[in-house]
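Comments concern the structure below.
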Amino acid sequence: MKITAPKGTQDILPEESAIWRAVEATIRGVFLDYGYREIRTPIFEQTELFARGIGETTDIVEKEMYTFTDMGGRSMTLRPEGTASIVRAYLEHNLAARGGTSKLFYLGPMFRQEKPQAGRFRQFHQFGVEALGEDSPLIDGEIIALAIEVYRRMGLEALEVRLNSVGCPACRRSYREALIDALSPYASSMCESCNRRLKTNPLRVLDCKSPVCQGVTAQAPTIDTYLCTDCKSHFTAVTDYLNAVGIHYQWDPRLVRGLDYYSKTVFEIIYGGLGAQNAVCGGGRYDGLVQEVGGPPTPGIGFAAGMERLIMTLQKQEKLPVQGDGPQIFLAILGEGVRTNAFQLAQTLRQAGLRTEIEFKGRSLKAQMKTADKLGVTWVAILGEDELTRQSVLMRRMADGTQEEVPFDQLVTYIRAKN
Ligand code: HAM
């Protein structure tokens, strides 16, 4: 049987990897500009963390987690998202004691056993931020502005921000009841999952993609009229901050998000060109999560964005960064006798930080030139017996075919000056 990568996972091959590194460098740059610092947490955690954090009745916890029992009989889960882990780390290391707001960012793989399709994977990568300890709506504005800046800095256009408030537990309770009252008469026509959600998590019905359920929810009340004074003024302040920095957003009163920890602000960034899986980024405030995970009442807000969907968007808009990380120099040899000297020369070039590839075999110069061409190098350095006697190498510039003999001891300076 042929062994292949598991369904829903993918290999990132060298050319693509170079693009990922360039994109990640831009992301890290933006995060640092906004005052966020990197945190790295384990790939797996105790299952209990996600069950408590994300919510027992969410799709993720109900059916998408990669859960296993370790040798000590403990239930572990590959992280399906980053927020719960960051909150756990924040409490475990008492980051609150450092004072101020903890502003953290992360990049890395996440795992969800979803049905794979374009833009949806079982192992995917997120980049995101979490800010803990701040309840000012200014940080909601900061986080949304930061997410948009990542895409702007990469030259992307036509992204839409959808914004809503899901209120606090107090105002959500009355909305929940109103929603159940409005939807229940249509329960028999709604899909099986929504019938279940109607009892366990009625707000999730608003997120259903089935046309029948969407038809039913289109008539249902929206949360805005149920928001309490505090939630209303918080939301207005967030929109004022976004307006102040010229960020366009669309208020979507039916945006609820798929994780249970949200309160007040929620948002998504959409790129329509991606088809069904068009959310490139999602996030919001989660003022109850730290307590849920066992800590003191602490406000929090953050977002996470999909790397694969970002790269797909860059591809669609022809904005992929050009990132050559292949060799710059190919060291060709003429004659077996110079191989060791060529190896020494390659070592000098590599130690000087010049990406160098060397001929391993001793094929004809024509064959070696063909390899150099394929590698896309700028230079071919040719070393034969004659050059060796003169302690020099013949440098051929691939772009125009011009050649110049350069002494060994001037080679690094020569390449640096001409590159
Ligand atoms: P989420 O909406 O589940 O939120 O995921 C955020 C983003 O991750 C999505 O918008 C999408 O771009 C990407 N994503 C999610 N699932 C997949 C998948 N199966 N394949 C490819 N990409 C995917 C969260 O994860 C929250 N932790 C966000 C957050 C942080 N809220 C507050 N802080």
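Could you give each residue of region 339-353 its phi-based ³J(HN,Hα) in whole Hz, using Karplus coefficients 6.51, -1.76, 1.60 with θ = phi - 60°, and x for Gly or Pro?
4, 5, 5, 5, 5, 4, 5, 4, 4, 4, 5, 5, 5, 7, x
With charges set only on the Cβ (+1 for Lys and Arg, -1 for Asp and Glu), what does the dipole of the chain come to about its Cα centre, in debye to the nearest 20?
Working: 49 positive and 50 negative charges, 138 e Å.
The calculation lands at about 660 debye.
What percent does the relative contact order of region 1-100 come to when contacts are Cα pairs within less than 8 Å and at least six residues apart?
Numbers: 59 pairs, mean separation 22.6, N = 100.
Relative CO of region 1-100 lands at 23 percent.
Just subtract the alpha-carbon distance of Lys316 and Arg355 from 0.36 nm times their residue separation and send over the number in nm, one decimal. Don't skip to the end; give the middle numbers.
Values: separation 39, 0.36 × 39 = 14.04 nm, distance 3.08 nm.
Between Lys316 and Arg355, full extension yields an extra 11.0 nm.
Expressed as an acute angle from 0 to 90° and rounded to the nearest 10, what is the orientation of the C-alpha long axis of helix 14-33 relative to the principal long axis of the chain?
That helix lies at roughly 60 degrees to the long axis.
At 1.4 Å probe size, with no ligands or nucleic acids counted, give the accessible surface of Thr41 in Å², nearest ten.
Approximately 30 Å² for this residue.
Rounded to the nearest 5, what is the percent of antiparallel bridges among the DSSP beta bridges in region 270-362? Before the final figure, lay out the partial values.
On the way: 6 of 9 bridges.
So the antiparallel bridges in region 270-362 amount to around 65 percent.
Please report, to two decimal places, log10 I(q)/I(0) for the chain at q = 0.10 Å⁻¹ as given by the Debye formula with identical point scatterers on the Cα atoms and no solvent.
For the requested q values the scattering log ratios are -0.78.
If the reach is capped at under 14 angstrom between alpha carbons, list the aspartates and glutamates near Lys2, excluding any in the same chain fewer than eight residues apart.
none
What three numbers, in Å, describe the spread of the alpha carbons of region 72-222 along their principal axes, ordered from the longest?
52, 42, 39
Pull up all non-local amide H partners of Val393: gap of 5 or more, or a different chain, and H-to-H distance under 5 Å with H placed in the peptide plane.
Distant-sequence amide H within range of Val393: Val406, Phe408.
Check the straight Cα-Cα distances from Lys418 and name the aspartates and glutamates below 16 Å, setting aside those fewer than 8 residues away within the same chain.
Asp400, Glu404, Glu405, Asp409
Could you give the dipole magnitude of region 332-419 about its Cα centre, charging the beta-carbon of Lys and Arg +1 and that of Asp and Glu -1, in debye to the nearest 20? Mind showing how you got there, number by number?
Working: 13 positive and 11 negative charges, 78 e Å.
That gives a dipole near 380 debye.
Starting from the coordinates of the alpha-carbon atoms of region 217-361, obtain the Kirkwood hydrodynamic radius over all distinct pairs and give the value in Å to one decimal.
Details: mean 1/r = 0.0482 Å⁻¹.
That comes to 20.7 Å for region 217-361.
Would you tally the net charge around Val256, using a Cβ to Cβ cut-off of less than 12 Å, leaving Val256 out, and scoring K and R as +1, D and E as -1?
On the way: positive: Arg162, Arg172, Arg176, Arg197, Arg204, Arg254, Arg257; negative: Asp207, Asp252, Asp260, Glu268.
With Lys, Arg at +1 and Asp, Glu at -1, the net is +3.
Mind giving me the FRET efficiency for Thr402 and Ser174? R0 is 56 Å, r the Cβ-Cβ distance, nearest 0.05 is fine. Could the numbers behind the result be given before it?
Details: r = 79 Å, r/R0 = 1.40.
Efficiency, from the Cβ-Cβ distance: 0.10.
Sorting check: for 253-259, 7-13, 214-220, which peptide has the highest mean count of neighbouring beta carbons within 10 Å, and how do the rest follow? Spell out each step's value before the answer.
Numbers: 253-259: 18.7, 7-13: 12.1, 214-220: 14.7.
Final packing ranking: 253-259, 214-220, 7-13.
Just to verify a number: what accessible area does Arg363 come out at with the full protein assembly present, 1.4 Å probe, Å² rounded to tens?
Here the accessible area works out near 90 Å².
Just going by the charge dipole of the chain, with Lys and Arg at +1 and Asp and Glu at -1 on Cβ, which of Pro211, Thr236, Gln315 is farthest out on the positive end?
Toward the positive end, the furthest listed residue is Pro211.
Ignoring ligands, DNA and RNA, please state the percent of accessible area on the chain from carbon and sulfur, probe 1.4 Å.
Details: 10540 of 20660 Å².
Carbon and sulfur: 51 percent of the exposed surface of the chain.
What order do you get for 345-357, 388-400 when each peptide is scored by the mean count of other beta carbon atoms within 10 Å, highest first?
Highest to lowest by the protection proxy: 345-357, 388-400.
Could you sort Thr225, Thr47, Thr265 by their accessible area in this structure, using a 1.4 Å probe and putting the largest first? Write down the numbers at each step before the final one.
Details: Thr225 105, Thr47 25, Thr265 0 Å².
Sorted by accessible area, descending: Thr225, Thr47, Thr265.
Hey, can you grab everything whose amide H is under 5 Å from the amide H of Gln250? Only 5+ residues off in sequence or another chain; H modelled, so Pro and N-termini drop out.
Val161, Arg162, Leu163
Going by amide H atoms built from the backbone, whose H comes under 5 Å of the H on Ile358, apart from near neighbours?
The list, which skips near neighbours in sequence, is Leu331.
What aspartates and glutamates could a cross-link reach from Lys232, if we take a straight Cα to Cα line under 17 Å and drop same-chain neighbours fewer than 8 places away?
Asp135, Asp140, Asp224, Asp240, Asp252, Asp287
Would you mind calculating the relative contact order of the chain from Cα pairs under 8 angstrom and at least 6 residues apart, reporting the percent as a whole number?
Numbers: 704 pairs, mean separation 63.2, N = 419.
Computed value for the chain: 15 percent relative contact order.
The values are calculated or read from the model by the stated rules, or taken from the named source; none is laboratory data. The model shown is predicted, which means the values in this text are computed figures rather than measured ones. Cβ: placed from backbone, ideal geometry, glycine included. Neighbour counts: every protein chain shown. Side chains included, ligands, DNA and RNA excluded: accessible areas come from the protein's heavy atoms. Shrake-Rupley method; radii C 1.70, N 1.55, O 1.52, S 1.80 Å.
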